[in-house]
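Report on the following structure.
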Amino acid sequence: MAERGRVLTRTGRFLVIATALVAVAAELLPSCESLRIMWRRGALVLVLSQLLAGCSFGGSGPASAAPDASPAKLRILRESFAFPQSYHRAASITAVSRRLSIAMVRPDAPLASDASIDSAWIGDANASGESPIVLIWRSGVVETISRWRCNCEAAASLRGMGHRAPFRLLMLRGAPAITAPSAPLRRGTIGFLSRAQAAYGQPASVETVRDGYNITLFQYGSRTQAGLIAAAWTLPIAHTAFRVNGYEAGGEALGDWNGARGIEVAPQGGATFGIGVALKNVSGKPLTITGVSGLNGFIRLVGTHLRPYSPPTGAVAPTWIHRPYDATPERLDYALEPNHWVALQLDFRVRNPCIHWASLIYDRVVEVAYTQEGFPHIQEIPMVPLTIRRSDHAC
């Protein structure tokens, strides 16, 4: 016991000294605010990773990351996040990992290491054949994983929410994320409440979008937000494989450019058009494009074409959008070497312009699926915003 006390004391002294040195270094850099922020974040991660992981520098190995939640609390978490009407328990974490194109193994995560997992759950498949995932750790941390489906850019959406209290924006290993603290329920709260909310209030949360998936970690109780952020720091690094450069467009359904709203689409049900974008492989490794998908609004994605592309060297750029605007290969399998370009043409058909539930403004974002070194990935590609003029007398 005395030896353990000396180890913990040495650990505490190390953390205090390290934190002090980081603070001094930050203040010695008055001309570089970004470096000061980086040093302070480094101090926070260092302190959290040691205090929450329960590690010592005495070589005895990691101890339990956090006290286990009570069996009653774990039962409530399972019922609230993996409700039995829609979820079934997975046989193993490996069975869950096979369904996702993101790395699942996080053996050293404070509060949520793979060694301390309580259960993994797989939800019913949606119309696209995709299933949400719920992971629950004995520490009481819950992680939900589902495909990001939004007619918007993930980064812009998270940044917008990150400026609204009580949310806060942070960059999480290359990807934007938002976090909010745990809080008791407000008086007069109405609407559906889960058993966990009724018992513990609003959980602390860290939400991010990467590789096409919405990943959110939850934990209930005061002073849990810092530990949750430290656990979220062990998520896989978000990589950007493609650089976007230049857009092309063609087709009878397209009107003039409309400023920040992009291109105006004529309300001609059944009309087709194409929009293209040039993509450069900036990952430093070969990759293979295997698919492109997008949400449907007043337009529907009906065709995808990939063609070799070279950036223009003169004043006149060649046109690489071609008719017809409806043919799609049965299978995409386009190999792209590092620092090479590809022209991506997307063909769309205008749906019935009298569909009143469809938004008049469509900020088209498509997902490009690719494999690299045998692993599947997804990157969101922003496209040209579209607007449609709906004529009431024609409906």
Odd one out for Arg168 among (1) more than 30 Å from Ile381 (Cβ to Cβ); (2) in contact (Cβ under 8 Å) with a residue 12 or more places away in the chain: (1)
Residue count for segment 268-292, restricted to those that are among the small types (Gly, Ala, Ser), surrounded by fewer than 14 Cβ atoms within 10 Å (Cβ to Cβ) and modelled with pLDDT of 85 or more: 1
Yes/no for Ile237 being closer than 25 Å to His377 by Cα and not assigned by TED's automatic domain parsing to the domain that holds Leu336: yes
Identity of the residue in segment 204-220, within 17 Å of Pro184 (Cβ to Cβ) and free of Cβ contacts under 8 Å to residues at least 60 places away in the same chain, that ends up surrounded by the fewest Cβ atoms within 10 Å (Cβ to Cβ): Ser205
Residue match in segment 224-242 (condition: outside any loop (DSSP other than H, G, I, E, B) and closer than 23 Å to Arg331 by Cα): yes
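Results for (1) farther than 21 Å from Leu295 by Cβ; (2) assigned to a loop (DSSP other than H, G, I, E, B); (3) assigned by TED's automatic domain parsing to the domain that holds Pro84, shown as yes or no for each residue.
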| position | (1), (2), (3) |
| --- | --- |
| Ala112 | yes, yes, yes |
| Asp118 | yes, no, yes |
| Gly129 | no, yes, yes |
| Gly140 | yes, yes, yes |
| Thr144 | no, no, yes |
| Asn151 | no, yes, yes |
Failed criterion for Ala196 (all others in (1) of a type in the set (Gly, Ala, Ser); (2) in a helix (DSSP H, G or I); (3) surrounded by fewer than 18 Cβ atoms within 10 Å (Cβ to Cβ) hold): (3)
Top-ranked residue in segment 359-395 [being polar (S, T, N, Q) and modelled with pLDDT of 85 or more; ranked as surrounded by the most Cβ atoms within 10 Å (Cβ to Cβ)]: Gln379
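I'd like to check something: does segment 152-161 contain any residue that is among the basic types (Lys, Arg), within 21 Å of the chain's Cα centre (by Cα), at pLDDT below 90 and on the phi > 0 side of the Ramachandran plot?
No: segment 152-161 contains no residue that is among the basic types (Lys, Arg), within 21 Å of the chain's Cα centre (by Cα), at pLDDT below 90 and on the phi > 0 side of the Ramachandran plot.
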Total residues in segment 148-205, condition within 20 Å of Pro236 (Cβ to Cβ) and among the hydroxyl-bearing types (Ser, Thr, Tyr): 2
Verdict on Glu207 being among the acidic types (Asp, Glu), in a strand (DSSP E or B) and under 30 Å from Ala278 (Cβ atoms): no
Residue in segment 76-84 that is surrounded by 14 or more Cβ atoms within 10 Å (Cβ to Cβ), assigned to a loop (DSSP other than H, G, I, E, B) and at pLDDT 75 or above present: yes
Single residue of Ile136, Ile93, Ile122, Ile117 found to be touching an Asp or Glu at 6+ places or on another chain (Cβ under 6 Å) and of a type outside the set (Asp, Glu): Ile136
Counted residues, segment 221-248 - those being closer than 25 Å to Val342 by Cα, surrounded by 21 or more Cβ atoms within 10 Å (Cβ to Cβ) and either over 19 Å from the mean Cα position of the chain (by Cα) or of a type in the set (D, E, K, R) (or both): 0
Extreme residue, farthest from Leu158 (Cα to Cα), among residues of segment 170-183 that are modelled with pLDDT of 90 or more and not in a strand (DSSP E or B): Ser182
Residues (among the small types (Gly, Ala, Ser) and assigned to a loop (DSSP other than H, G, I, E, B)) located in segment 295-345: Gly297, Ser310, Gly314, Ala315, Ala317, Ala327
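The values are calculated or read from the model by the stated rules, or taken from the named source; none is laboratory data. Fair warning: this is a prediction, and the values are worked out from it, not measured in the lab. Don't worry about glycine lacking a Cβ; one is built from the backbone with ideal geometry, like all the others, and counts go over all protein chains shown.
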